[in-house]
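The values are calculated or read from the model by the stated rules, or taken from the named source; none is laboratory data. Source: prediction; values computed, not measured. Every residue, glycine among them, receives a Cβ derived from its backbone with ideal geometry; neighbour counts consider all protein chains shown. Please note that ligands, DNA and RNA were not included when accessible areas were found on the heavy atoms of the full protein model with its side chains. Shrake-Rupley method; radii C 1.70, N 1.55, O 1.52, S 1.80 Å.
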Amino acid sequence: MHIAPHREDNGWGAHFRATFALGVPLIGAQLAQLGIHTTDVVILGRLGAAHLAAIVLASQFFFTIFILGSGFSNAVMPMVAQAYGRGDTVSVRRAVRMGMWVVLIYALLMTPIFYNAESILLHAGQKPEVAALAGSYLEIAQWGMAPGLLFMTLRGLVSAHGRAGIVLYITIVILTVNAVFAYALVLGHFGLPAMGIVGAAIVSLGVNILSFVLITAYIQFRPEMRRYELFVRFWRPDWPAFREVVHLGLPIGLTMLAEVGLFTGASLLMGNIGTLELAAHGIALQLASIAFMIPLGLAQAGTVRVGVAHGRGDHLGIVRASWAVLIVAAAIAVAGGILFALIPTTLASIFLGKTGKDSAAVLAIAGPFVVIAGVFQLVDGMQAIAAGLLRGLKDTRIPMVLALISYWPIGFLSAWFFAFPAGFGGIGVWFGFLAGLSAASILLNWRFYRLVRQAR
């Protein structure tokens with residue numbers, strides 16, 4: 001079945017309005033996922049540096065695996081956008097349904113890794129107390145991966161229809177639920193037992209399930225969504241669509257993994273320097289991650305906007321949609337970088353009680369880290385936007401190679417060199433971040449520019 005191809009006003013004002021209308025809810029969706037772990041970091045920081053270091057490692061471990069799987073969810077977005085742009089209802093259904101298949105299989109395959117998380121962290125040189133706490137968190141939180149990835153997959157459908165506002169409403173619900181129950185179960189309030197890091201894991205699992213249930217209910221109750229019949233004969237395979245999800249999604253996942261893996265590897269470097277440095281690194285990284293959700297959400301909006309324009313063969317729409325996203329992201333990144341540079345210690349203190357054990361020492365180390373995080377917000381944002389725009393064109397393999405080169409031979413090796421041989425310690429790791437993200441920003445934007453010029 002086909003519908004009329006999507007048409008759109010190509011005026012600059014229309015593109016900026018559409019960027020905000022789609023980007024704000026998608027930013028909210030990113031903040032929802034990060035907000036689960038941000039809340040945990042804030043609350044567990046009250047229990048001391050060991051618990052804070054454990055949730056830093058556990059969160060990075062979870063997201064390293066989650067982000068690879070999210071490549072398959074993100075592959076559904078350009079597939080749906082292009083099909084929607086050309087009015088192809090059948091291809092929309094095929095993309096979403098097989099995307100759900102792929103992420104379910106992926107989550108199942110990752111189970112053994114989570115159950116051996118403590119051993120993996122110990123072999124990576126982490127302290128036994130911290131590794132044990134992180135392992136206890138991951139044994140429970142891992143079961144939230146499947147519903148979390150399914151939520152991301154279904155988000156592509158509602159985004160292509162311009163209905164991403166529902167994602168924002170779901171975000172508000174799960175952030176509220178997470179904050180209330182994490183406060184109660186971790187620290188023991190409202191008559192509930194104080195379960196520490198295990199309580200945080202239970203809440204993380206619960207809100208991931210809730211997000212999937214809510215977006216599924218929305219799709220089933222909206223006539224324009226229900227007509228795709230996503231769950232009718234759900235067990236029936238569609239192998240061409242399945243292969244396309246894997247073909248597009250694996251490079252996307254590896255591209256994202258290359259960056260997240262850089263930060264995970266840096267956390268391991270910090271752990272080898274010391275627990276205080278790791279805790280300070282976790283605070284600065286959490287602030288940088290929150291700021292990064294803005295360009296990441298805008299990048300997903302760019303994927304949809306470029307994908308729809310590409311699906312209907314609109315070159316001018318591709319150009320103006322991409323410029324609108326890039327300009328908005330750059331303006332926000334500059335403003336955020338200035339804020340980080342002006343009040344680094346104030347921002348860092350949000351994540352650590354000032355009267356807790358080792359708090360003053362951790363905050364003193366975290367301040368310079370936050371300043372560097374502010375400096376690289378611009379290049380980090382620009383490389384995320386470029387990657388999203390390339391996905392809208394279904395270009396994923398060459399960007400994967402460019403990202404791998406940028407984050408590892410350039411970024412990680414620079415982090416190691418500045419931290420140890422050059423003797424800069426923890427701040428040297430952050431110098432490495434800046435080198436890798438700058439390289440990615442230049443290479444990915446150059447790739448998109450070349451493809452658009454060739455298409456013209």
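Assorted remarks:
- The residues of segment 49-76 that are crowded, with 24+ Cβ neighbours inside 10 Å, among the aliphatic types (A, V, I, L, M) and over 30 Å from Phe242 (Cβ atoms), listed by number, are Leu52, Ala53, Ala54, Ile55, Val56, Leu57, Ala58.
- In segment 72-131, counting only helices (runs of 4 or more DSSP H) that sit wholly within it, the ones holding 3 or more residues that are at pLDDT below 90 span 89-109, 117-123.
- Some residue of segment 121-132 being open to solvent by less than 10 Å² (accessible area, probe 1.4 Å) and under 20 Å from the mean Cα position of the chain (by Cα): no
- The condition of being touching a residue at least 40 places away in the same chain (Cβ under 8 Å) and buried (at least 24 other Cβ atoms within 10 Å of the Cβ) does not hold for Ala107.
- Verdict on Ala182 being within 23 Å of Leu44 (Cβ to Cβ) and either surrounded by 21 or more Cβ atoms within 10 Å (Cβ to Cβ) or touching a residue at least 12 places away in the same chain (Cβ under 8 Å) (or both): yes
- Restricting segment 229-255 to residues that are among the hydrophobic types (A, V, I, L, M, F, W, C), under 19 Å from the mean Cα position of the chain (by Cα) and more than 19 Å from Ser91 (Cβ to Cβ), the residue that is least open to solvent (accessible area, probe 1.4 Å) is Leu254.
- Segment 86-104, residues that are open to solvent by 60 Å² or more (accessible area, probe 1.4 Å) and under 14 Å from His161 (Cα atoms): Arg86
- Residue satisfying condition, being within 20 Å of Gly367 (Cα to Cα) and either more than 19 Å from the chain's Cα centre (by Cα) or in contact (Cβ under 8 Å) with a residue 60 or more places away in the chain (or both), within set Ala258, Ala288, Ala331: Ala288
- Segment 198-249, subset in contact with a Leu (Cβ under 8 Å, 6 or more places away or on another chain) and not hydrophobic (A, V, I, L, M, F, W, C), residue modelled with the lowest pLDDT: Tyr228
- Which listed residue, of Gly265, Gly282, is among the small types (Gly, Ala, Ser), surrounded by 23 or more Cβ atoms within 10 Å (Cβ to Cβ) and within 20 Å of the chain's Cα centre (by Cα): Gly282
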